[in-house]
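Some notes on the structure that comes next.
We did not get these values from a lab; they are worked out from the coordinates using the rules stated. All values derive from a computational prediction rather than experimental measurement. Every residue, glycine among them, receives a Cβ derived from its backbone with ideal geometry; neighbour counts consider all protein chains shown.
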Amino acid sequence: MIDGIFFIGHVSIDRVQNVNGSNVQPGGAALYAAIAARTLLNNVYLISVVGRDYPFPDILDIFPRRYLRISKAPSTRFSIKYNSLWEAKYLEAKYGSGLGISPSLIPVEGLGPESIVHVSPLPPSKVRRIVQLIRERKPKTKISVNAWMGYIRGENKNILREIASEVDFFILNDSEAKALADARSLSAALKVLKSRMLVVTLGELGAIISRENGEIQMVPALRFPIERIVDTTGAGDTWCGSFLAAYKQTGDLMKSVTAASVISSIKCSGWGFSKLLNLKFKSVDDIIEYVIGLKEGGMQKKLLDYLVEH
């Protein structure tokens, strides 16, 4: 059995335009989440399909290649433009090789009770098949699903609500929660949406955690001071990956939300996930210690102290 976190979803080539300029960079929800999880854990696995034309092979070499399929189809490509408020507009989405992502890629026999499978945004009907496969074959394996506003429409709403009720972690932001529940307020949405653990992210405010027993908990974020936002692409996916890694390590919601908020903020201080690639914290407490040091003006521990050489 493999004790680790498996991230399944898109790996893409992103063309990003924002107030700081433009950049072509590796992207995709699953890749962002997996890179973020690696800042805390070693046993992180990426499940995806990329084209032979993928221009960033060094990124893929970070992960065991046995879960990555190479396709003749062109790699998935996204073109994203942000306005001055960091609101994203997708100018182009060519899924290409990403259309080959399927439940058959998941190493079901290797999953155990300590494993977590995180499903990044994919068509809800496909996500449902993935969840059903794991639940039937490995019912003790934990499943996490991240929703995306682009899929919350029509019949997909019913499918996503069904998925939420079946998985261990269902992660979405407050706008997505209201849209999925057809509710005007977040409090009303929380009454409609049911999951073993519903995680509603609130940006710099932290997250609201709602459990299936009706318990609702507000977890404020420990804000990370960054001088300048460079690129917010993948910030939500980064949050998901670091939250799961921290929760697997500690089982503590407060520490997990803190870790997720800090690592997501660090990500936004550079293009893509460039600021995360060589970042390694031994524990969630390391992250908290680092941020408290910053707030107190003590620079004994700098971010450079947590960089590792490859």
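The shape of region 5-306 comes out rounded: with a ≥ b ≥ c from the C-alpha gyration tensor, a/c is under 1.5.
Among rounded, prolate and oblate, which fits region 9-93 when a ≥ b ≥ c are the square roots of the eigenvalues of its C-alpha gyration tensor, a/c under 1.5 means rounded, and a/b larger than b/c means prolate? Oblate.
Sorting HIS10, HIS118 by the number of Cβ atoms found within 10 Å of their own Cβ, with the fewest placed first, yields HIS10, HIS118. Take the Cα of LYS126, step 7 Å along the line toward its Cβ, and report every residue of region 64-85 whose backbone nitrogen sits under 15 Å from that point. The answer is 68-78. In this structure, the amide hydrogen of THR76, modeled 1.01 Å from its nitrogen in the peptide plane, lies closer than 5 angstrom to those of ILE13, GLY51, SER97, GLY98, counting only residues at least 5 positions away or on a different chain. Of all beta bridges that DSSP places with both ends in region 5-306, some 45 percent have antiparallel geometry. Subtracting the Cα-Cα distance of TRP86 and LYS72 from 0.36 nm times their residue separation leaves 1.6 nm of extension gain. Summing Cβ point charges (Lys, Arg +1; Asp, Glu -1) relative to the Cα centre of the chain gives a dipole of roughly 700 debye. The peptide list 152-159, 87-94, 98-105, put in order of mean Cβ contacts within 10 Å with the highest first, becomes 98-105, 152-159, 87-94. Summed over qualifying helices (DSSP H, 4 residues or more, each -39500 (n - 2.57)) and divided by its residue number, the chain shows a 222 nm mean residue ellipticity of -9500 deg cm²/dmol.
Please report the net charge: other residues with Cβ closer than 10 Å to the Cβ of GLY234, K and R +1, D and E -1.
Taking every other residue near GLY234 into account, the sum is -2.
Pairs with C-alpha atoms separated by more than 18 Å, drawn from the list LYS191/LYS255; LYS140/LYS248; LYS142/LYS191, are LYS191/LYS255; LYS142/LYS191.
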